[in-house]
Amino acid sequence: MNLEFNMAVHILSCLAKHPEDKFSSSELAAKICVNPAQLRRVLSKLNEHHYIESFNGKYGGYTANAGTIDVSLADLYLLFMEGRSTRRLFTGSTDNPCDISRGIKDVMVDYQRKEQEVIAAHYRSITVRDVLNDIVQEDYHEV
């Protein structure tokens, strides 16, 4: 899990709970308890993938669309894991005379891919609706 994934789930849950309302990025940042700049990066991806609606202008903002409440957490997890790290994750070097050093990265990359598949499988059957149900402890049928 990472912060952007958590923010995406929080944003979609908030918007799905208030489907008739539009929120500015500043209002959402206050509700989500994060910096507006961090939030805008996540909102941009959510909007780009049509998980939410955005409106420009004086009365603009962000709102849920018909599919927001049924977004799978697996889709969000994969979206926010994509291109995740720009820093070094693995040790070793293909130029090293040590067999382990030459091979460790390939093995660990494979393990990481399998790890992500397991996590995505866990989230596949969980939707924003389920998150809302778990929070309010009742069947959430709005939207």
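Tabulated values for the structure
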read-out: Enumeration of residues in segment 44-63 that are among the small types (Gly, Ala, Ser) and farther than 10 Å from residue 23 by Cα; value: 44, 57
read-out: Of the criteria (1) under 23 Å from residue 2 (Cβ atoms); (2) more than 14 Å from the chain's Cα centre (by Cα); (3) surrounded by fewer than 14 Cβ atoms within 10 Å (Cβ to Cβ); (4) not hydroxyl-bearing (Ser, Thr, Tyr), which one residue 34 fails; value: (3)
read-out: Counted residues, segment 61-84 - those being modelled with pLDDT under 90 and either surrounded by fewer than 10 Cβ atoms within 10 Å (Cβ to Cβ) or over 17 Å from the mean Cα position of the chain (by Cα) (or both); value: 2
read-out: Residue in segment 17-26 that is in a helix (DSSP H, G or I) and either closer than 19 Å to residue 132 by Cα or under 13 Å from the mean Cα position of the chain (by Cα) (or both) present; value: yes
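The values are calculated or read from the model by the stated rules, or taken from the named source; none is laboratory data. All values reported here derive from a predicted model rather than from experimental measurement. FYI the Cβ positions are ideal-geometry reconstructions off the backbone, even for glycines, and counts take in every protein chain you see.
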